[in-house]
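Report on the structure given below.
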Amino acid sequence: MTPVFPGSVDAAGQPATLGVMGGGQLGRMFVHAAQRLGYFTAVLDPDAQSPAGRVSHHHIQTGYDDPAGLVQLAHLCQAITTEFENVPALALQTLAQTRPVAPGAAVVGIAQNRIEEKAHFAACAAVSGVSCAPYAVIETPAQLQAVQAERSDLLPGILKTARMGYDGKGQVRVKTAGELAAAWAELGGVACVLEKMLPLTAECSVLVARGWDGRVVSFAPQRNVHVNGILAVTHAYDGNMPSALATRAREAAVAVAHHLGYVGVLCVEFFVVDDGSEHGGLVVNEMAPRPHNSGHYTLDACDVSQFDLQVHAMAGLPLPQPRQHSPAIMLNLLGDVWFAASGQQQDPDWYSVLRLPGTHLHLYGKVQARAGRKMGHLTITGPDVASVKTVAQQAAGLLGLPGLDAI
């Protein structure tokens with residue numbers, strides 16, 4: 001790919017413009033990173049109030065599969081990316097006929113379907129050294145009956161829809177064959193994956209960026225804490241997990257990116273399981289073909305953020321190896337923070353929070369707060385891990401945030 005340099009202007013006088021499919025908070029932070037480098041930006045999203053659309057040079061307000069909108073985006077932009085994995089893969093394929101698109105439709109399609117995703121992880125296991133949890137595919141009543149009769153080893157397990165599941169949605173825990181049948185019916189009899197429930201001790205994720213030339217850079221693994229299926233806390237500092245385990249996770253994520261021929265920023269999530277070994281075993285859970293919630297700390301704790309790397313990768317610029325200059329803890333801010341225990345809406349006590357040293361508040365420009373909705377995040381940085389943990393506890397106490405019990 002010929003690099004798209006920031007600040008350049010083509011023969012028709014059009015400034016170098018980068019496009020993104022999707023207008024949520026990830027798109028917003030991508031737009032900020034691209035604009036800081038000097039690019040113009042274009043967002044395609046149907047929501048007139050989308051966080052990214054409100055800050056971009058261009059907002060194409062239309063559906064992701066609208067042919068006219070795709071033509072307009074391709075006309076405006078020299079390269080295009082996506083901010084979420086459920087954008088129609090066919091739309092990315094259409095855009096790729098005339099413009100570089102990173103990540104490509106094929107790999108986004110894999111991430112959209114747990115069945116294909118797990119098949120990829122299984123095929124990659126020999127190279128990555130990490131496999132996924134034991135599982136079975138359930139797409140038909142016959143397959144359900146076969147699993148009930150022959151795969152009792154997968155129970156207790158978690159039944160997950162193959163498509164459109166995120167933040168704990170589309171998942172049901174099951175203990176018996178009867179519960180499995182009821183759960184599949186509850187999910188509408190759609191294609192699902194039944195995963196064996198494993199003895200988890202921790203969860204972590206690794207962010208990698210791979211360029212068109214195959215060069216890969218990565219961040220150190222983040223340790224994550226989820227509450228009700230939604231990321232609540234990310235721990236990003238030396239010692240957040242055993243070094244041998246962190247090295248394995250990082251190497252496995254890079255192997256996954258290479259195996260896919262991936263271009264762009266990729267997040268690979270892992271489970272740490274109690275397998276009787278000193279530090280536990282590593283199991284790959286899922287991947288996100290985009291920057292990830294668990295990597296938001298990179299905006300404040302690293303010299304190059306995950307969004308900077310997203311811009312570099314899609315535009316064909318060199319990929320610098322990021323350096324983390326401060327230990328960090330990130331706290332997710334859901335809409336619940338905007339409501340008192342009585343249910344009355346309230347403004348969070350930002351004054352007290354922002355008085356704390358090393359606090360970095362990021363709100364996503366969403367007008368309406370709702371319980372469970374990601375409204376922003378708070379990153380705490382400091383000179384050492386102890387001070388970061390102390391401030392994180394204070395901030396969590398002021399905002400009533402869960403998930404910090406383990407620190």
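The values are calculated or read from the model by the stated rules, or taken from the named source; none is laboratory data. Here the structure is a predicted model, which is why all the values come from computation and not from measurement. Note that each Cβ is placed from the backbone with ideal geometry, even for glycine, and that neighbours are counted across all protein chains shown. Quick note on the areas: whole protein, heavy atoms, side chains included, nothing else; ligands and nucleic acids left out. Shrake-Rupley method; radii C 1.70, N 1.55, O 1.52, S 1.80 Å.
Might you check whether a residue that is over 24 Å from residue 306 (Cα atoms) and of a type in the set (Ser, Thr, Tyr) occurs anywhere in region 324-337? Scanning region 324-337, I find no residue that is over 24 Å from residue 306 (Cα atoms) and of a type in the set (Ser, Thr, Tyr), so the answer is no. Restricting region 232-273 to residues that are among the charged types (D, E, K, R) and more than 30 Å from residue 101 (Cβ to Cβ), the residue that is most open to solvent (accessible area, probe 1.4 Å) is 238. One residue stands out in region 160-212 among those that are in contact with a His (Cβ under 8 Å, 6 or more places away or on another chain) and in a strand (DSSP E or B): the one that is farthest from residue 320 (Cα to Cα), namely 203.
Looking only at region 370-399, filter to residues that are open to solvent by 10 Å² or more (accessible area, probe 1.4 Å), touching a helix residue (DSSP H, G or I) at 6+ places or on another chain (Cβ under 7 Å) and of a type in the set (Gly, Ala, Ser); which one of those is farthest from residue 26 (Cα to Cα)? Going through the qualifying residues, I end up with 382. Residues that are in a loop (DSSP other than H, G, I, E, B) and among the polar types (S, T, N, Q) within region 274-299 comprise just one, 277.
Among the residues making up region 347-367, those that are open to solvent by 60 Å² or more (accessible area, probe 1.4 Å) and touching a residue at least 24 places away in the same chain (Cβ under 8 Å) are 349, 357, 363, 367. Of the strands (runs of 3 or more DSSP E) lying entirely inside region 32-101, those containing at least 1 residues that are under 21 Å from residue 163 (Cα atoms) span 79-82. Within region 274-299, the set of residues being open to solvent by less than 10 Å² (accessible area, probe 1.4 Å) and among the β-branched types (Val, Ile, Thr) comprises 284, 298.
Among the residues here, residue 237 does not qualify as touching a helix residue (DSSP H, G or I) at 6+ places or on another chain (Cβ under 6 Å) and either over 27 Å from residue 334 (Cα atoms) or among the polar types (S, T, N, Q) (or both).
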